[in-house]
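Presented below is the structure to which this report refers.
The values are calculated or read from the model by the stated rules, or taken from the named source; none is laboratory data. Everything numeric here is computed off the predicted structure, so don't read it as measured data. Ideal geometry is used to build each Cβ from the backbone, glycine not excepted, and the neighbour counts take in all protein chains shown. The accessibility values were calculated without ligands, DNA or RNA, using every heavy atom of the protein model including side chains. Shrake-Rupley method; radii C 1.70, N 1.55, O 1.52, S 1.80 Å.
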Amino acid sequence: MFKQMRVWFVLTIILSLLALGSSCSKQATNDAGPDTSSTAPGKTYTSKGDEGTVTGAIAYNGTPPAPKKIDTSADPVCGQANPNLSTADTVVKDGKLANVFVYVKDGTTADGTKVTEYTFATPTDAATLDQKGCHYVPHVLGLQANQKLRITNSDPTQHNIHPTPKSNPEWNQTQPNGAPAIEKTFARAEVLIPVKCNQHPWMKSYIGVLKHPFFAVSADDGTFTIKGVPPGTYTVAAWFEKGGPNGTEKTLQVTVPAKGSGKADFAFGDAATASSRPGGLQMMPALEVPMIGRH
């Protein structure tokens, strides 16, 4: 009897030691080591003083759709603030198209370095998106990743700012008239992020977020200038919000000489013959995050 109890006692000790060893092994396995899957940051771009520009104009071929008057009866303040409120998705003057986002999509600098391998300093000044006359102003804007976006409300009514990105966190925030500016940032590059106002469904804007500063938006006369571009050969893209669920994007190969200018003219519209890529924007799934002030 005593001998049998002794055997069971020894077996119990052995099993306990095995269980303890197994527990220690699992704990070590669950400790996360360094994240070797993440890519190292690129080399910082330093100006050599020989940068150039990319210039061009955006044409609209064919007859543009006429602006549609917006029914503001749901909020009479909007009708009073902007009695001629109309759609702004296709703004054409003398055959030239405004509000087209133009940017360097890819390419190689003169020394053989891909532009995507560089990192660029984040601007210290904020980009501004205003709500004025129950419109977003500007209709299309660009900023760098992590650059501050300052959102203001110049209207005598309440608005609701709701960007719907795919690769950045979505958020939704109310801004009463007279409220302080809202400041946000987008950490990841994304072309382009739609912005809407849940309280005024006709209000729409688009934000292009890039890792570099080589972008511009076509003016009322259709012209644009991208400044500070290193000498090299690039794929330059132009994005227009119409033509597909994600807009229409066209590309051109452009060479920028040292202290010179590369030319990039695009055309959109029914009669445009240049190759286009409707819905060509590659969007990643949106991150699941809690909404702020959702309405």
What FRET efficiency would be calculated for the residue pair Asn177, Lys227, taking the C-beta separation as r and a Förster radius of 35 Å, to the nearest 0.05? 0.45
Accessible area of region 99-138 divided out per residue, in Å², using a probe of 1.4 angstrom: 44 Å²
Going Cα to Cα from Lys227, which aspartates and glutamates come in below 12 Å? Please leave out same-chain ones fewer than 8 positions away. Asp50, Glu51
Taking 7 Å along the Cα-to-C-beta vector as the label spot, tell me the Ser154-Thr124 distance in nanometres, rounded to one decimal. 2.6 nm
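Please work out the FRET efficiency for the pair Asn198 and Val137, using the Cβ-Cβ distance as r and a Förster radius of 25 Å; give the result to the nearest 0.05. Can you show the working numbers first?
Working: r = 19 Å, r/R0 = 0.74.
In this case the efficiency is close to 0.85.
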My understanding is that a pair violates if its Cα-Cα distance is over 31 Å; which of Lys48/Lys96; Lys105/Lys148; Lys93/Lys184 do that in this structure? Lys48/Lys96; Lys93/Lys184
Roughly what % antiparallel, to the nearest 5, for the DSSP beta bridges in region 30-177? 60 percent
Solvent-accessible heavy-atom area per residue, rounded to whole Å², over region 154-258 at 1.4 Å: 38 Å²
What aspartates and glutamates sit close enough to Lys132 to cross-link, taking a C-alpha to C-alpha distance under 19 Å and skipping anything fewer than 8 places away on the same chain? Asp71, Asp75, Asp89, Asp155, Glu183, Asp220
Computed label-point distance, nm, for sites Thr164 and Lys48 using a 7 Å Cα→Cβ extension: 4.5 nm
Please list 247-257, 94-104 highest first by mean number of surrounding beta-carbon atoms within 10 Å per residue. 94-104, 247-257
Whole Å is fine, so just give me how far the alpha carbon centre of region 108-173 lies from that of region 220-246. 16 Å
